[in-house]
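Structure first, then comments.
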Amino acid sequence: MDLDPSVNLFLKTRRMCLDARQSGEDHLTEFVAGALVASGAFREAYVAYTLKPRFGELILTGVRTQVSYPGSQPDMELLLRDPQGAELRVLVEHKIDAAESAAAIAEDERTLVGQLERYLAIPDIAGVAYFRRSLREPSAEVLAHPLYVRPARLPHFLWEHIYGLLWECEADSVVVRWLREGFDELGFLPAPEEIGDLYDLDPAARERSRRALEHLLVPTREMLRAAGWSRVWTDQKGNELKAEENPQSAAHRITVTGSNRGPFTIRVVPAESTDPGLLAEVLEKAYVREPALKGCTMVSGDRGGQKVPSVLLEFSSLSAILSGLGGNEIAARLSALVEPAVEAL
């Protein structure tokens with residue numbers, strides 16, 4: 001089958017799945033499996049990164065998705081062979097942001113058990129690996145299990161861990177390039193060097209990252225004050241910048257949130273006299289030429305202790321937006337990303 005390299009089928013079919021309210025995780029799984037099948041270079045790099053530290057040299061001989069076992073259906077099953085010819089099976093669970101699902105087990109129908117624990121109980125497997133967008137520790141039982149496969153010093157793999165592998169191997173197959181571009185869209189990228197990881201497990205490293213982002217948002221704070229917002233502050237976490245008290249604005253509050261894993265967002269709570277629907281139209285029009293904008297939706301917000309319709313602008317992740325930029329360029333880019341909303345209001 002001839003594939004049109006100008007059309008990214010990952011992005012095109014993902015939108016179709018989401019429009020049909022189907023799982024984005026299942027869609028992601030199918031393309032990861034497809035990339036492993038399509039590219040020998042990616043296949044070798046993936047196995048070397050995820051499995052070699054635990055098992056040594058392995059050859060990936062097959063990939064299956066959504067394989068059914070009694071009470072379980074792992075996202076992906078890797079069929080492997082070691083240098084002595086022994087066959088191994090490793091199961092892989094893929095999540096974006098969702099938690100593990102829980103189900104009862106036959107031995108005790110009153111006890112709910114998470115997916116990873118159920119997979120680890122499947123007979124004759126060599127291991128279970130787990131991928132997510134951001135860190136979320138599995139149960140202590142999973143972490144201590146001898147068959148659980150994870151990277152050093154982390155409770156599970158992150159999607160950003162294989163971004164570099166996709167980049168290095170994309171010339172080998174258009175499917176790998178589609179997946180890498182999909183990772184760009186979803187924000188599965190390593191954290192910007194100037195900021196670091198806002199979700200690092202080390203509290204000191206996390207605090208350094210939040211302080212760095214707070215510093216880079218200084219021009220944005222100054223721009224908001226110059227536009228008439230008299231109360232501008234950063235929350236205690238350091239990754240949210242808020243502005244209130246501007247009687248000339250159509251907004252009651254603007255909240256700017258930066259994340260290296262989820263989307264960069266601007267949330268606007270309308271002033272009491274402002275029509276939320278009209279506000280959404282004005283804001284969407286203000287960003288019509290901004291390629292980083294991924295969506296403009298109505299959400300619930302708070303105004304004076306009351307829930308009111310508000311507008312949420314979602315952009316790519318900080319990692320994607322700031323890729324290739326240095327310190328001063330980053331600060332300027334962040335300010336420029338917020339400015340159209342401020343001017344429109």
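The values are calculated or read from the model by the stated rules, or taken from the named source; none is laboratory data. Since this is a predicted model, take the numbers as computed values, not measurements. Positions of Cβ are backbone-derived with ideal geometry, glycine not excepted, and every protein chain shown enters the neighbour counts.
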Return the total of residues in the stretch 181-204 being loosely packed, with under 14 Cβ neighbours inside 10 Å and either at pLDDT 80 or above or within 17 Å of the chain's Cα centre (by Cα) (or both).
-> 3
Determine whether residue 167 is at pLDDT 90 or above, of a type in the set (A, V, I, L, M, F, W, C) and surrounded by fewer than 19 Cβ atoms within 10 Å (Cβ to Cβ).
-> yes
Would you point out which residue out of 118, 180 is in a helix (DSSP H, G or I) and under 18 Å from residue 263 (Cα atoms)?
-> 180
Out of curiosity, is residue 233 within 30 Å of residue 48 (Cα to Cα), free of Cβ contacts under 8 Å to residues at least 60 places away in the same chain and out of contact with any His (no Cβ under 8 Å at 6 or more places or on another chain)?
-> no
Filtering the stretch 224-252 down to residues that are under 22 Å from residue 198 (Cβ atoms) and either hydroxyl-bearing (Ser, Thr, Tyr) or in contact with an Asp or Glu (Cβ under 7 Å, 6 or more places away or on another chain) (or both) yields 234, 238, 242
Top-ranked residue of the stretch 248-278 - restricted to ones that are of a type in the set (Lys, Arg) and touching a strand residue (DSSP E or B) at 6+ places or on another chain (Cβ under 6 Å), ranked as farthest from residue 184 (Cα to Cα) | 253
Can you tell me which residues in the stretch 127-150 are assigned to a loop (DSSP other than H, G, I, E, B) and surrounded by 15 or more Cβ atoms within 10 Å (Cβ to Cβ)?
-> 133, 134, 136, 138, 145, 147, 150
Counting residues that are of a type in the set (Phe, Trp, Tyr) and either out of contact with any Leu (no Cβ under 8 Å at 6 or more places or on another chain) or at negative phi (or both), which helices (runs of 4 or more DSSP H) fully inside the stretch 5-79 reach at least 2?
-> 40-50
Enumeration of residues in the stretch 290-315 that are outside any strand (DSSP E or B) and in contact with a Phe, Trp or Tyr (Cβ under 7 Å, 6 or more places away or on another chain) = 292
Scanning the stretch 219-269 for residues that are within 19 Å of residue 316 (Cα to Cα) and among the acidic types (Asp, Glu) gives 240
May I ask you to verify whether residue 118 is in contact with a helix residue (DSSP H, G or I) (Cβ under 9 Å, 6 or more places away or on another chain) and either crowded, with 19+ Cβ neighbours inside 10 Å or closer than 24 Å to residue 37 by Cβ (or both)?
-> no
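Has the stretch 247-263 got at least one residue that is charged (D, E, K, R), surrounded by fewer than 21 Cβ atoms within 10 Å (Cβ to Cβ) and in a loop (DSSP other than H, G, I, E, B)?
Among the residues of the stretch 247-263, not one is charged (D, E, K, R), surrounded by fewer than 21 Cβ atoms within 10 Å (Cβ to Cβ) and in a loop (DSSP other than H, G, I, E, B), which makes the answer no.
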Scan the stretch 308-327 and give yes if some residue there is surrounded by fewer than 13 Cβ atoms within 10 Å (Cβ to Cβ), touching a Leu at 6+ places or on another chain (Cβ under 6 Å) and over 30 Å from residue 203 (Cα atoms), otherwise no.
-> no
